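*Asks:* Got a structure for you, written out below as structure tokens; questions coming shortly.
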Amino acid sequence: MAGRWIEEWDPEDETFWRTKGERVARRNLAFSVLSEHVGFSIWSLWSVMVLFMGPEYGVDPAGKFFLIATATVVGAVIRVPYTFAVAKFGGRNWTIFSALLLLAPTAAAYLVMEPGTSYTTFLAVAALTGVGGGNFASSMTNINAFFPLRKKGWALGLNAGGGNIGVPVIQLVALLIIGTAGAAHPRLVLGIYLPLIVIAALCAALWMDNLAPVKNDTGAAIDAAKEGHTWIMAFLYVGTFGSFIGYSFAFGLVLQTQFGRTPLQAASLTFIGPLLGSLIRPLGGALADRFGGARITLWNFVGMAAATAVVIAASVQESLAVFLVGFIALFVLSGLGNGSTYKMIPGIFQNKALAQGMTGETAAAYGRRLSGASMGLIGAVGAVGGLAINLAFRQSFQTAGTGTAAFVSFLAFYAVCSVVTWAVYLRRTVVVPVRGGQTGTDAETGAEPVYARV
């Protein structure tokens, strides 16, 4: 897998970016999105498979939540090695391999998805789907290296949003299957995705590139792990991405369990929230580019707390209509926050370089080095938030028969996230170097540093 290697890459050089870099970066972004999109669909496979599992499967709601949680935690843990695989093997090469690896959980699910299969077997196959969650980390690390700082919010938001949309797409596919063939035919979903996986791998092989300047740096990983901002941002990402993926996996099952929806009724509603949350993620990155990631993130958490309060009231009153309004608002805000929080990461480490007296390309290289290493850790910890959400739902339904207690705990967590964002990144002005006289953004556009909020 020698692949195509680009030996020199300097996106911060405006002439290089304008004449060559942007075209190459956009092409790699497009096919990175495709592969990550399919990866997210496979990672969230069991959020739709449980809708096909009627009483004949012998799995209760708590068991179904645990199946979803198993896929979530494996996807979270595997993000760490996936982050460093890009530098080891090349972004193009790893995208090909990681896409083809999705054939394993998809084919395994095709073989076992029938009544009479043991719960242990279902758990093992659900764990396999976690490899789809790893695709996010390698894709984001790869795309982060292709784009200049002033474009990272948009590029990372588009890459992640295009991947996130794989969740509602597979839910729409499940809706189509349940609505036409019935809930007894889950293998039709899997049969659709097997060729899509091969197409994603083939496109990566034909049109993506490896960046030779991107090297594995064990020291960067250690430095990122020692950096307090890595863990603060990981905590905030639990609140945004953890919410998005946790709610995406659990939404249909919550509708079935708490509001008595049939598989078809649940599937007809499940995709709406993840779809809107995925589509709005690039906007979160773009707003962060313009106004500062911390400011957008703070107001986002305040909004999530308000939406959660609406969901709690609807849950107590057993109002499905109000519940849907609040829950979909949570999806939209989690998607917006995903974009703004991820945008903050490169700016924070660029600012740290400036504080240490670095300038120009030295500061930019330092920022890329630490932000690339930290993204894997932040993405992994953030995804663990999805596990926490599914376990909270499982416990809430086991003890009280509703998800109200779980939502109360989520409300408290969003309040803490709001305080942390304000106290660390807004109480004092946190700045990053930008150029060209721009202020108020996290961009870098020229040679002389000006300052802007993270």
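The values are calculated or read from the model by the stated rules, or taken from the named source; none is laboratory data. Worth saying up front: this structure is predicted, and the values here are computed from it rather than measured. Because the Cβ atoms are built from the backbone with ideal geometry, glycine has one as well, and the counts that use them run over all protein chains shown. Surface areas here come from the heavy atoms of the whole protein model, side chains and all, with no ligands, DNA or RNA. Shrake-Rupley method; radii C 1.70, N 1.55, O 1.52, S 1.80 Å.
*Asks:* Hey, can you tell me all the residues within region 251-264 that are surrounded by fewer than 21 Cβ atoms within 10 Å (Cβ to Cβ) and aromatic (Phe, Trp, Tyr)?
*Replies:* The one that is surrounded by fewer than 21 Cβ atoms within 10 Å (Cβ to Cβ) and aromatic (Phe, Trp, Tyr): Phe259.
*Asks:* Take region 265-299 and flag every residue that is open to solvent by less than 30 Å² (accessible area, probe 1.4 Å) and out of contact with any Leu (no Cβ under 9 Å at 6 or more places or on another chain).
*Replies:* Pro274, Ser278, Ala288, Asp289 - these are the residues of region 265-299 that are open to solvent by less than 30 Å² (accessible area, probe 1.4 Å) and out of contact with any Leu (no Cβ under 9 Å at 6 or more places or on another chain).
*Asks:* Check region 318-329 and report whether any residue there is open to solvent by less than 40 Å² (accessible area, probe 1.4 Å) and under 24 Å from Val424 (Cβ atoms).
*Replies:* no
*Asks:* Among the numbered criteria (1) closer than 30 Å to Ala373 by Cβ; (2) among the hydrophobic types (A, V, I, L, M, F, W, C); (3) open to solvent by less than 20 Å² (accessible area, probe 1.4 Å), which single criterion is violated by Ile178?
*Replies:* (1)
*Asks:* In the set Phe249, Phe241, Phe235, which member is over 21 Å from Ala373 (Cα atoms) and assigned to a helix (DSSP H, G or I)?
*Replies:* On the way: Phe241 fails: over 21 Å from Ala373 (Cα atoms); Phe235 fails: over 21 Å from Ala373 (Cα atoms).
When all the criteria are applied, what remains is Phe249.
*Asks:* Here is a check on your reading of the model: is Ala353 crowded, with 17+ Cβ neighbours inside 10 Å, touching a strand residue (DSSP E or B) at 6+ places or on another chain (Cβ under 7 Å) and closer than 30 Å to Thr141 by Cβ?
*Replies:* So Ala353 does not fit the description; no.
*Asks:* Scanning for something surrounded by fewer than 21 Cβ atoms within 10 Å (Cβ to Cβ) and either charged (D, E, K, R) or at pLDDT 95 or above (or both), does region 126-140 turn up at least one residue? Show your work before the answer.
*Replies:* Start the filter on region 126-140 by keeping residues that are surrounded by fewer than 21 Cβ atoms within 10 Å (Cβ to Cβ), which leaves 127.
Now drop any that are not either charged (D, E, K, R) or at pLDDT 95 or above (or both), which leaves 127.
Scanning region 126-140 turns up at least one residue that is surrounded by fewer than 21 Cβ atoms within 10 Å (Cβ to Cβ) and either charged (D, E, K, R) or at pLDDT 95 or above (or both).
*Asks:* May I ask you to list pairs of residues, at least six apart or on different chains, whose Cβ atoms are under 9 Å apart, with the first in region 324-345 being more than 16 Å from Arg295 (Cβ to Cβ) and the second being open to solvent by 10 Å² or more (accessible area, probe 1.4 Å) and among the aromatic types (Phe, Trp, Tyr)?
*Replies:* Pairs that qualify, where the first residue is more than 16 Å from Arg295 (Cβ to Cβ) and the partner is open to solvent by 10 Å² or more (accessible area, probe 1.4 Å) and among the aromatic types (Phe, Trp, Tyr), are Leu330/Phe410.
*Asks:* Continuing with this model, one more query. Collect the residues in region 188-232 that are open to solvent by less than 50 Å² (accessible area, probe 1.4 Å) and not in a helix (DSSP H, G or I), keeping them in residue-number order.
*Replies:* The answer is Met208, Asp209, Asn210, Leu211, Ala212, Val214, Glu227.
*Asks:* Taking interchain pairs and intrachain pairs at least six residues apart, which have beta carbon atoms under 8 angstrom, with the first residue in region 393-411 and within 16 Å of Phe251 (Cα to Cα) and the second open to solvent by 70 Å² or more (accessible area, probe 1.4 Å) and among the aromatic types (Phe, Trp, Tyr)?
*Replies:* Within 8 Å, the pairs are Arg394/Phe66.
*Asks:* Out of Val125, Val86, which single residue is touching a residue at least 40 places away in the same chain (Cβ under 8 Å) and of a type outside the set (Asp, Glu)?
*Replies:* Result: Val86 is the single residue among Val125, Val86 that is touching a residue at least 40 places away in the same chain (Cβ under 8 Å) and of a type outside the set (Asp, Glu).
*Asks:* Right, Gly285: within 27 Å of Lys151 (Cα to Cα) and in contact with a Lys or Arg (Cβ under 9 Å, 6 or more places away or on another chain) or not? Don't jump to the end; show me each part of the working.
*Replies:* On the way: within 27 Å of Lys151 (Cα to Cα): yes; in contact with a Lys or Arg (Cβ under 9 Å, 6 or more places away or on another chain): yes.
Here the answer is yes, as Gly285 does meet what is asked.
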